[in-house]
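Presented below is the structure to which this report refers.
We did not get these values from a lab; they are worked out from the coordinates using the rules stated. Every value quoted in this text rests on a predicted model; they were computed, and no experiment measured them. Quick reminder, even Gly has a Cβ in these numbers, built from the backbone with ideal geometry, and neighbours come from all protein chains shown.
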Amino acid sequence: MKLIANRAWELALRHMVLAFLVVTSIACSSGNESLAAELPTALLAQEQQRIELCRQITPATIAIFDRPGKGGGSGVIVSNDGFALTNFHVVAPCGPYMKCGLADGSLVDAVLVGYDAVGDVALIKLIADRNFPAATWGNSDDAQTGDPVLVAGNPFMLADDFKPTITAGILSGVRRYQHPAGGLLEYTDCLQTDASINPGNSGGPLYDFQGRLIGINGRASFEKRGRVNVGVGYAISVNQARRFLSHLKSGRSLDHGTLGLTVRTIRQRAVVAEVDEGSDAARRGIRYGDTITRVGNRAINSANDVQNIVGTFPPHWTLPVEIDREGLNLVLAIRLEAVHSETALGKAVAKQIGGKSVLKHAEEEIPAELSSLYQARDGFANYYFNEITRDDLLVACPQRSATSDETIELAGRDRDGKPFSINLTRDRGQIRCATGQDWIDAKQSLVSQSSPAGTGGLLAALICWQEFAFANDPNLDSLIYLGQLPYGPNLQLGDCLRASRDGGTVEFYLSLTDHSLRAVRWQADEETDACLLMLDDHRTEGLRSLPHRLTVHHAGEVWNELQVGETHEAGRPVE
Amino acid sequence: MKGFLLGIAILLAAPALVLATEAGQRAELPASLAIRERLEQRIVKIYGQGGFRSLEGYQTGIIVDAKGHVATTNSLALNAGEVTVVFHNGLRSSANVVGADSLRDTALLKLEQLPELMHFDLNGSQNGTSTFGETAFVVSNLFNIAAGNEPLSIQETYLAGEVPLAPREPWAQVLDGQTVLLLDSVTSNPGAQGGAVVDRQGRLLGLVGRELRSRLTGAWQNYAIPTASLQKSIDRILSGTADQQGSPGTQASADRRINTLQRWGFALVPSIVPRTPPYIDLVRSESAADKAGLQADDLVLMVNGYVTASTTQVRRQLLRTTDIVSGETSNESTILLTVQRDTSIVELTLPIKAAPKEEEK
């Protein structure tokens, strides 16, 4: 199996294909007239519908070229503001800037946004003052073997006017797993089709027969016959691509998630053979000999099944994992860790990006309006997009305000009716509650201050929240946008901003609808359980918006639920 | 020329027909879950020798009776005589190679374990008829994409014709003169051989053939052995007797080819590349070859004084020798083999007529 970007104008092949097209079209015109007369009207209507379908899927398909126009592939526009999905291996040789040909014949500039070298997906943004035609999302989980499909793209860089080539076929298989080939790359839960996919089709769309996008074509099995289609192509499922989309918009170089355990297939069962020490799976209690029966919404029968579904999620994603332990059924929420270390990923990606071509483009005259949209930074495909997304979210978040009053005082009763009070300043965090009184020094490293006991660092989480929400000069240097991730007991999706502090990690989860701050997650180090602080029932008081219900989660359990009330009536703080 | 035009017209019309009946929904049979699952239960993944580039150790097979016989395309993967078979549900069994029919390039396996099996009924009324231009589906484990209980791949194709492969050079190595189903897409991929070609209702049309390339034009042939022909092949393997059907001329020459080497009880190494050096792969003990002093790893340099540079040439020379001799009332009764053994040249004399019983195992 090989990647199928087109690295050079394959002139000979191009002429062969053209010649063939000419021959067929001549032949058909003489054959078709007599045939059309005999065809039932229903059939002709269907044919018309099919033509309509091709017309429908054409505009969102783009041809992608590196700036010298030497190589390229395909892509598909997924939003009217010009974001387009393609393969990592299509953009890897292009550097930060590329040219895109649209079906209407126009050629526009595009800039790299983010990439996922492991899943072979990349996001670019077309730069032009216009509305772009976007593809309609489909649901690749609904796709079944035998479904008719259409492929659109730019095989062999055939079309001088960028009008996509359309090929048809069926799905030959779904939920395919393709082992890593050449380092990072791994196709999990992908679609297999016999529709013709050739070099240059890479990154282009796979549609169902309702014209909905179900996959991003990227690989094909070639053997013996050279790099031409033999009826075996693979597409990344659109559900995976959508799950990664917000992460791609974060401008980062993305990794994939893993459960941190090894599974073996034993008699149709996926049996845990090894659990990584320090992984969330180990902390949640998954152990040797457990049978994994379900991950997310997918039933599991083999080790391949586990990898197949887990591989379609980014790191830090929390997945419900159902296990069977000698008849005992358990459902555990496991947070995925990254497959690769940051340095390993960076090195492997750098190798594929090919520093040379990037340098070459850097020397080339790039128009200022384009070059202002790119910012290099380690660990990022294009830091510019992280910055703008992060800043947009920070502005939109109603719980953030720079006021002269940075202190927070909250008091009320906990779930047992016992009084509590919280006092946060820039220097100090303090809590009094039923279990006693704790305080931490905000000027010292938060990592070593994990009180109150059994919370994983509630006070540290509170200090981080206070700084995020009300500090006049918050140190946002390390604050980045991660993408959408599930959080909390219901695993709802939120926009995640992440910062490191004193070697610990803090994540802020914002509602997708009103951008309000819903949760703060503090984790002192990767190998210990985090403190998840859910913030609900926000009420505006003057210039500030404060939560009135704080729920503290730690190690898979609720530590306590604090209801902010009329503090003075609620009783005196306990000593 | 008229035929050519018609062919194209049919191909253009066929997809439209699919649409008309299904209104853009799932293509018929293999897409219909029930039929697909039934099909899957009758098709197995086969793992044997190989694993080198261009020499895959995996292929596909179809279960053809309740006794646990599996028909597949003959290949090097079966060379060890024993393979592993993986069923649709991921269960596996060993299987022994019962025999091969080099006339149709097929082989028959027998499963060691007999789980609840569903099988194709090759003689039954449920077999499809080949209507050309019609849609067909190929179900196989091409490229070994599916492991364990993972479902096989399904590809859509069209029946392009049922034609005898002319007994001339490009295809002569296998299928000399055999009638095969020609398929209008790349269906013969690594691992696909031995897969099932079915019609829209899931009825068996044929067995996917090997990857076959013309040495003359470089073109690849995508074909299948028709069901009826496959049944004959199975009968032939099971009975060990020659097939009486078909044109006598073709039949006779093919029969000779199958038995030529077994007659003396030795085998050449498999013909992997166009000029495979003619090494002796094995010599059965107590056979004519054994008695003549032939040994495994001998390299055949000459047959009756004719230089033999490849396994194909040895086979041809042996055929020619036996043809000539059987056609004449010559007093020649032996064949002279010149072989290289390590660093020495050895001459051996094989009797022309060896006991035919040694062909059977």
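Tabulated values for the structure
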{"item": "Magnitude of the charge dipole, segment A:205-288, Cβ model with Lys/Arg +1 and Asp/Glu -1, debye to 20", "result": "220 debye"}
{"item": "Dipole of segment A:325-457, positive direction: furthest Cα of A:Thr455, A:Ala402, A:Leu373, with charges on the beta-carbon", "result": "A:Thr455"}
{"item": "Dipole magnitude of segment A:271-397 about its Cα centre (Cβ charges: Lys, Arg +1; Asp, Glu -1), debye to nearest 20", "result": "260 debye"}
{"item": "With Cα atoms, 0 to 90° folded angle of helix A:238-249 axis to chain A main axis", "result": "60 degrees"}
{"item": "Residue-averaged 222 nm ellipticity for chain A, from DSSP H runs of 4+ at -39500 (n - 2.57), nearest 500", "result": "-6500 deg cm²/dmol"}
{"item": "Amide H partners (placed H, <5 Å) of B:Ala192, local residues excluded", "result": "B:Phe143"}
{"item": "Residue among A:Gly200, A:Gly231, A:Asn301 farthest towards the positive dipole end of segment A:156-309, charges placed on Cβ", "result": "A:Asn301"}
{"item": "Column: log10 I(q)/I(0), Debye, Cα scatterers of segment A:265-398, q = 0.10, 0.11, 0.18, 0.21 Å⁻¹", "result": "-0.55, -0.63, -1.01, -1.21"}
{"item": "Entries of A:Lys224/B:Lys110; B:Lys67/B:Lys110; A:Lys70/A:Lys99; A:Lys99/A:Lys163 with Cα pairs more than 19 Å apart", "result": "A:Lys224/B:Lys110"}
{"item": "D (Stokes-Einstein, µm²/s), Kirkwood Cα radius, segment A:410-465, 1.002 mPa s at 20 °C", "result": "189 µm²/s"}
{"item": "Folded to 0 to 90 degrees: helix A:41-57 orientation relative to chain A principal axis, Cα", "result": "60 degrees"}
{"item": "J(HN,Hα) series, segment B:194-201, from Karplus relation 6.51 cos²θ - 1.76 cosθ + 1.60, nearest Hz, glycine and proline x", "result": "x, x, 9, 9, 10, 8, 5, 8"}
{"item": "Binned Cα-Cα distances of segment A:218-296, short to long, each 10 Å bin given as a whole percent", "result": "15, 26, 28, 26, 6, 0"}
{"item": "Over segment A:212-251, equivalent-ellipsoid semi-axes from the Cα gyration tensor in Å", "result": "28, 11, 6"}
{"item": "Angle between chain A longest axis and helix A:342-353 axis [Cα atoms, degrees, rounded to 10]", "result": "20 degrees"}
{"item": "Size of segment A:168-224 as Cα extents on the principal axes (Å, biggest first)", "result": "36, 24, 19"}
{"item": "Two-decimal ratio, segment A:77-176, of alpha-carbon radius of gyration to 2.2 N^0.38 Å", "result": "1.17"}
{"item": "Ellipsoid semi-axes in whole angstrom, largest first, where each is sqrt(5λ) of the Cα gyration tensor of chain A", "result": "49, 27, 21"}
{"item": "Taking chain A and dividing mean pair separation by its residue count, relative contact order in percent (alpha carbons under 8 Å, at least six apart)", "result": "10 percent"}
{"item": "Spin-label model distance (nm) - A:Val108 vs A:Asp441, 7 Å beyond Cα toward Cβ", "result": "5.6 nm"}
{"item": "Cα centre as origin, Lys/Arg/Asp/Glu Cβ charges: segment A:172-321 dipole, Debye", "result": "240 debye"}
{"item": "Cα-based equivalent ellipsoid, segment A:500-570: semi-axes from gyration tensor eigenvalues, Å", "result": "24, 16, 11"}
